[in-house]
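Below you'll find the structure, written out as structure tokens, and then a few comments.
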Amino acid sequence: MDFKMQDLKLDMGTTPLENMFLNTYVQMADGDAIKVYLLIYKDCYNYNRVDAGKIKRQLRFSDERFDKAVEYWVNMGIFRQKRADNGTDYIEIVSLRQMYFGDSEDNESSESAYDLAQRKSIMFTNIETMINRNLTPADITRIQETILEYNCDPELVTEAFRQAKLSGNVDVKYVMGFVKTWRDQNISSLNDLRMKEERDKLLRSRSPRQYRRKANPRSGQNNNTNKEVSSFIQRRKEERLNQILEQRGEDNDS
């Protein structure tokens, strides 16, 4: 079935939603959570304020039902509880795009910042392909914090997930342990890691090798056979010698 958008002749307002949210959470969240998120997002985007009472009346939700939906998004990392300078608490709606690309202290657009954002986007796509699931906001936050704290390249994080998958454990916390180990070895890029692997390979090739002679399971049997042959030959020699001596004795007597 095909769908198309109708051409608008009158614009009564539009609320854009991030594709990352739609692709990740629509299939995960229940109906109540989706309804509450959409209405809170619309008011916050268009009016920069949210009337929770109006949304409850609109959806005919009790306080408990509304709070449960809000708590769901807090637990998922989409809503973030914060405190303003005046001491009042509020909830911030997290941008998944910003979470993917990270917070930039420099507001001016630059080629390096754009390049890093593109590399992070590729990194997250590769990771989700490897682990066969969508990363949660908590996962994304942990990865972003690791990259920032250890000052490592996104490609190194991708390699950490690749190696972790080979070991059968792609838990994000476990995978970040790979990156920490590499940081302790002064490795911050995929190129650094490859150089270390080559050095290790070279050292192994130069190290003395110990060879062990393989045990022959039939060696015991062979040894016994050799002993029997030697014993037989020795008896034959002794018998031949005795015959020669006896013959000489007989010749002397005659």
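The values are calculated or read from the model by the stated rules, or taken from the named source; none is laboratory data. Keep in mind the model is a prediction, meaning the values are calculated, not measured. Note that we place each Cβ from the backbone using ideal geometry, even for glycine, and neighbour counts take in every protein chain shown. The accessibility values were calculated without ligands, DNA or RNA, using every heavy atom of the protein model including side chains. Shrake-Rupley method; radii C 1.70, N 1.55, O 1.52, S 1.80 Å.
What the table below lists for this structure:
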| item | result |
| --- | --- |
| Residue-level accessible surface for LYS173, protein heavy atoms, 1.4 Å, Å² | 140 |
| Shape category assigned to region 1-91 from the gyration tensor of Cα positions, a/c cut at 1.5 | prolate |
| Accessible area of ARG236 in the full protein assembly, 1.4 Å probe (Å², nearest 10) | 130 |
| Surface accessible to a 1.4 Å probe, SER167 within the full protein complex, Å² | 70 |
| SER95-ASP171 FRET efficiency (beta carbon distance; Förster radius 25 Å; 0.05 resolution) | 0.50 |
| Three-way shape call for region 1-53 based on the alpha-carbon gyration tensor, with the a/c threshold at 1.5 | oblate |
| Extended-chain gain in nm, criterion 0.36 nm per residue less alpha-carbon gap, ARG240 and THR14 | 69.5 nm |
| Segment MET28-VAL74, extension gain: residue separation times 0.36 nm, minus the distance between their alpha carbons | 15.1 nm |
| Separation in nanometres of the label points that stand 7 Å from Cα toward Cβ, at MET130 and LEU202 | 2.7 |
| Accessible surface of region 1-83, 1.4 Å probe, proportion on carbon and sulfur as whole % | 50 |
